[in-house]
Every structure is written in structure tokens, then in C-alpha cells.
Amino acid sequence: MSARQTTAGLPPAFSELAPGVSGARVRPDQLVAITNELATTHPARLADLFASEPRHGAELTLRAVYALDDAARYAIVECPTSGDEFPALSDLDPAAFVEECEIYEQFAVRPANDKPLNRVLIPPHADATFPRLGHRPRPELESLHARHVVEGEAFEFPFGPVRAAGWESLYMGLVTTGEEVLDLYLFHWHKHRGIERRLVGLKPERALFFAERMDGLNAVGNGLAFCRAIETAAGARVAAAAAHTRSIALEMERIYNHAAAVAATCQTTGLSVGQARAEIVLEELLRLNAAAFGHRYLFDVLAPGGVRRVGDADAIRKQLPRACGEFRRVTEALLRTNSHVDRLEATGMLTHEQAQRLGLVGPVARAAGCPIDSRADHPFAPYDQLELSPPVRESGDVLARMEVMLAEVAASEQLVLEQLADAGPGQIDVQPRSAAALGWAESPRGEALTWVSFDSRGAIERARLRPASVRNWRAFDDAARAENVFTDIPIIEASFWLTVAGFAR
Amino acid sequence: MTDDALAAELRRRALALFGRSLHIRTVDTGSCAVCESEIRLLSAPPYDLHRLGFFFTPAPRHADLLLITGPAVRAMDTALLKTFEATPDPKAVVAVGACALGGVYEEDGFVHGAVDRVLPVDVYVPGCPPSPLALLHGLLVAVGRLEERVAALTFDLAAEVER
């Protein structure tokens, strides 16, 4: 591992909160200034923005989490606010916009600018009794949502929320003049289950149950971020053997998810043979998950403080190389199939600039030339001892995303096999009290973040869950608009391979 | 032909109709996407539900059977009820997975907590998620319920002509 800059270079307001995490508390009028100052010292990527209100009517606290990817550090800027408004970050940093809308929905305070907001999670029919983390906007604040107008030659083609078999509920408004997609907007709120609100008052064990089931295809990625936040808050250190077991489960999750993305890409280009062969591999991988860890989707492998289960090393050693070898044969054949590759090239383009501006993560960002991977940039055990070289592509199209995923499957296979000998059981008791911490992990879809605070009895006061899907869905309309036609939309969706459940949580 | 004979004839034909071509519409009411993944695999070669005469349909009006996942999020109520109403009788409703059966979420402002609080459910398929084989078994049970339902239909020729 190359020597990394650590605390050096951060503005003086910051102090060390935990390994790899710094924090600063500022007044509302200093918030924009300090984020600008941060941006001059490091390329700072806004990873999350959220609010919390310890008690009803108490002061609202805003937290912006910046990832300083070249300094192996997260910087949390904390800022108390009062009144109806909070300082708007989205004027300078568009990556904050969705989160600002979310804060407005949950806490009835709006960003201090005149821009209309989007509806994120609270359904339009929600009344005063609808559960929120804070309270509902007062009537005079309720009409802040952007009006949606489709005019001229264009019309809106409504699609969803109920969709084809195997696709999650999602409403897509396709604005079109006939074939080309002029604009596209998404409603995710059909699936909002209020997980963050459900976690308030729960103990870590019970909360992990929901954190894993919030977004089942990333159960290990999100669950690991959650467990690590709990452990950091408790000042606990997980046994090395258990950390290896976690990493094996996380990499196996990545492998099966990327195989599923390839199968879905074939489904959407209409290549049935490729789909069938990729699905045979996918089924083999899921059965291996079940044989090794007792669950096809790796639920309940993790526990706060360690792991509940240890993978069956023999089963993995025997079956993983076989399944991954077959996957390579399938994907090599796919990349030689011109009719398939033609549909992927220059489809769903995202530029490097767009990916940076919106703060994207995971394979979507890496395919657009952003070399970010929290396993390499913000390493924690066991990734700090492993050789990692995140694959990067520059073209930002569907093909680039597929190539990134294929390279990641090969790398993850190696990571799993390397660690089998060192993996083992281990669970320590963790009882965080009156503490808060940030946790992160690289889920198959990218960086998953969690921020949890505990009260003096060890129950959760506020849990902020930010799966990778939350960040990446915001780029979907940009990718869909870039000179694409109707039939490209499912292909782009398969290449993003996000979950609605993760966004709507 | 007597009414009994007509009913028997209808039953035979309905059985033949459903037996080799039963169309399924899926509705996700807030699942974690894992049940969807298993449903997706039903048409993969290891399970291949087409060989059994089952097909997924993109329209509720062509469906005989609804496969419903998730804890019945209230925000999906309209879409779910519209789908149910648009599905012609006789139809069967299959609730899929622990969320849909009421094992994960309590009833609250976000969710009903179980699909049978919104729709009459015929078959419950437990599991978190239910494996594709469990889903296939659930579908076969549902076909039995549909057969009973078709068999119970009466057919009054005179009334039909009048209408």
C-alpha cells in the first residue's frame, strides 16, 4: 500500500473522530465556507447529507459527509440549524440535491434558496399522520415540489409502478416525441418502508435484521457498513479471522450480483442464449452461497461484533473457480457477439464530469473514469492487507459498466480464494452507549455508508442508512437522456443494476 | 345437455385451458428485491417454468394468477387494487415471502404488514426468500385452487343468452 496522507492538510476545525474519520462542528453561517475550504485542500466528494433531531422540537443537526478519496479519510461537517431553512449546499454541489429534498420531507426545513424541490420518499397522498423522522412541512411550505409540465410535441409515456416479472416496482415517466427519450423521471416512493424510522429505539442485533433486509441484494455490503458503525461506536475491534469471513461473504455477494447484471443485460438486449447461460452460472453461485453460508443471498452471516456463520471453505474452494470459469466462458462469448455488443456501445453514456458532479459510486462511477473504490481508498481490515486495483474504464457507456463488472468478478474470486485459509469464526460483545460513528463498505453497487448514534441505554437514536443505490439512481435520467430510444432504457437499467428497495428504504 | 353436463364440459375445457397455459402477473409491494431475483430465476434453465405451462405476462388482463411480494406498502395500494381488479375471474392470489406473509414488518403508517390485509390470498409461500422450487410448489397449489374455483362455476345457458 502506498503511503497515504492522513490528517495532514485538513482545515484546522477538523479533529480525529475515529480511524479514517475526521469531524468538525460549525455554525450555519460557516457551513458553506468550510465545505469550500475542504474542497480546496482535497478533491472532496459529497458522500451523504442528512439531518437528525434527538427529540421532537429539539435543535436539528445537519451532517454532511465528505469522502476525501485520495487522503483515505471521511470528513463529517456537523452544523446545528434552527428555523425553516438550512444552508443550501446544492447551489455549488449538485450531489447534495436529493438529500436536501429528503431533509425537507422528513423535517420540514428547506434549503435556503428559491429552487423547487423534488419528491423523494414521502408519497403524495401522505397526510399529517404519515410517519416521518421529524414532522411534516407546514401548509405554506408544502407547495415547494417542482411542477412537472410536458409541453409542445412531447408527451409523457407512463410506465409502472407495477412492472414485468423480476423487476421491482418503479414509476418511470418517459417524456418523448415518439421514440427518442427527451426526459425521464422516476418515482421511487412506492417502495418506501421507513426503515430509518423503524430503527429508532432498537438494539444493534434487531436493527441489523432490518438493515440487511432493506436492500436484500446488498445484504452483506449494507450490513457490513452498519456493523462497522456499531463497532466503531463501541470502540470494539473484530477478530482478524471474522474480518476475513466478512470479506469473503462480501466478495461472493459482488460475484453473484455482477453475474445477475450480465444475465439481465442479455435479457434486455433479447439475447436468450446468453441470458440462459448467465442464469445457469447465477443459480450455481446462489447454491454455493447456500452451501457455504446457509443462505442463497447471504442473509444473517454478519453479526454486530463479528460473524454468525463461517463459510464452508471446502465448498467454496471446489465450486467457486468452476462457476467463475464458466462465467468467463459465457462473457467471452458475449463480447464476441456483435449483435449484443452493438446494443451496449455508446448506450446510456455518462461522462466523467457527470459522475463527479453527482457524486456517483461503484461500477457506474468506475466505468466513467472515476477510480473510486472504498475498499482501496478507505481501507479497513482485511482490505488493508490485500492487493487491490479497482478496474476503471473511460467511455461511461453500458459496455464499460459491463467490462468493469467482469473485471471485478475475476478480482473478487481471487480475493475470496486468498482469504479462505485465514477466515474463521469470531463474535465479540459490542454495547455502544452514548456514542455515534460512521461505517462504510464497498457493496456490489458501490460505497455503502451508515451513520448511527446510540443513547445511554444502547438503543439507536438515529440511524442513517445510505446504500449505493441512493447515490447512483440520480444519474439514471442523465444516462437515459443521452440520445437513447425507448428500447435502450431497460438495457441501461440492467447495466446500472441498482435496487429500488435500496433507494426507497 | 343438462346443466351438470355443461358444467363438466366447462370444467374439462377450463382445465385444458389452464393446464398448459397459466399466465402470471407479479406485483412488488415493497420487497427487498431478493424475492424478485428468485422469481426471475423461475424462467432460468434450472427451473424453466415454461415447460410446466406457466408464463409471465406483462398485463394483468391476461393474467390468471397474481404473485405478490413485499409487506403491502400503503403507497402501492392503488396499483395493487387496480391490478387485482383488472385480472379476470377466476383468479388466484399467491403471497410470496416472509414480508408478504407478515413476518417482517408490523402494521404501521408505511405498510399494511401482510398482503392478506389488502387482498384475499389463496396460497402463502413462506421463506426469506422462498427458493424457486418453493415458488414452483406454491404455483402448483394455486393451480389446484383455480381448478376448484372453475369447477364451482355454474353456467346457466338461458341466462347467458338473455344477457
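Being of a type in the set (Asp, Glu), touching an Asp or Glu at 6+ places or on another chain (Cβ under 8 Å) and open to solvent by less than 10 Å² (accessible area, probe 1.4 Å) is a condition met by no residue of region A:51-69.
For (1) on the phi < 0 side of the Ramachandran plot; (2) away from chain B (no Cβ under 14 Å); (3) touching a strand residue (DSSP E or B) at 6+ places or on another chain (Cβ under 6 Å), each residue gets a yes or a no:
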position: A:288; (1), (2), (3): yes, no, no
position: A:291; (1), (2), (3): yes, no, no
position: A:298; (1), (2), (3): no, no, no
position: A:306; (1), (2), (3): no, yes, yes
position: A:310; (1), (2), (3): yes, yes, no
position: A:316; (1), (2), (3): yes, yes, no
position: A:321; (1), (2), (3): yes, yes, no
position: A:326; (1), (2), (3): yes, no, no
position: A:329; (1), (2), (3): yes, yes, no
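Looking only at residues in region A:133-161 that are modelled with pLDDT of 85 or more and within 19 Å of residue A:121 (Cβ to Cβ), which one is nearest to the other protein chains (Cβ to nearest Cβ)? Only one residue fits best here, namely A:161. Scanning region A:156-179 for residues that are closer than 15 Å to residue B:60 by Cα and acidic (Asp, Glu) yields nothing. The listed residues are A:229, A:219, A:225, A:211, and the only one of them that is within 13 Å of chain B (Cβ to nearest Cβ), under 17 Å from the mean Cα position of the chain (by Cα) and more than 30 Å from residue A:322 (Cβ to Cβ) turns out to be A:211. Scanning region B:112-159 for residues that are more than 14 Å from chain A (Cβ to nearest Cβ), in contact with a Gly (Cβ under 8 Å, 6 or more places away or on another chain) and free of Cβ contacts under 8 Å to residues at least 24 places away in the same chain gives a single hit, B:116. Scanning region A:384-396 for residues that are within 29 Å of residue A:479 (Cβ to Cβ) and either surrounded by fewer than 23 Cβ atoms within 10 Å (Cβ to Cβ) or not assigned by TED's automatic domain parsing to the domain that holds residue A:259 (or both) returns A:388, A:389, A:390, A:391, A:392, A:393, A:394, A:395. Residues in region B:82-101 that are among the polar types (S, T, N, Q) and outside any helix (DSSP H, G or I): B:87 alone. One residue alone among B:42, B:22 is touching a residue at least 24 places away in the same chain (Cβ under 8 Å) and under 14 Å from the mean Cα position of the chain (by Cα), and that residue is B:22. Every listed requirement among (1) open to solvent by 20 Å² or more (accessible area, probe 1.4 Å); (2) within 14 Å of chain B (Cβ to nearest Cβ); (3) out of contact with any Pro (no Cβ under 8 Å at 6 or more places or on another chain); (4) touching a residue at least 12 places away in the same chain (Cβ under 8 Å) is met by residue A:236 save one, (2).
If you go through region B:26-68 and keep only what is closer than 13 Å to residue B:95 by Cα and of a type in the set (D, E, K, R), you end up with B:28, B:36.
In a residue-by-residue description of region A:414-431, the property of being assigned to a strand (DSSP E or B) and touching a residue at least 40 places away in the same chain (Cβ under 8 Å) applies to at least one position. Residue pairs whose Cβ atoms lie under 6 Å apart, sitting 6 or more positions apart in sequence or on different chains, and linking a residue in region A:480-501 that is on the phi > 0 side of the Ramachandran plot and assigned to a loop (DSSP other than H, G, I, E, B) to a partner that is open to solvent by less than 30 Å² (accessible area, probe 1.4 Å) and of a type in the set (Gly, Ala, Ser), are A:497/A:261.
Each residue in region A:260-307 was checked for being under 30 Å from residue A:429 (Cβ atoms) and under 24 Å from the mean Cα position of the chain (by Cα), and 15 pass. If you go through region B:40-81 and keep only what is in contact with a helix residue (DSSP H, G or I) (Cβ under 6 Å, 6 or more places away or on another chain), open to solvent by less than 10 Å² (accessible area, probe 1.4 Å) and part of a helix (DSSP H, G or I), you end up with B:41, B:76.
The values are calculated or read from the model by the stated rules, or taken from the named source; none is laboratory data. None of these values were measured; they are calculated from a predicted model. As a convention, Cβ positions derive from the backbone with ideal geometry for all residues, glycine included, and neighbour counts pool all protein chains shown. Protein only, heavy atoms only, side chains kept; ligands, DNA and RNA dropped before computing areas. Shrake-Rupley method; radii C 1.70, N 1.55, O 1.52, S 1.80 Å.
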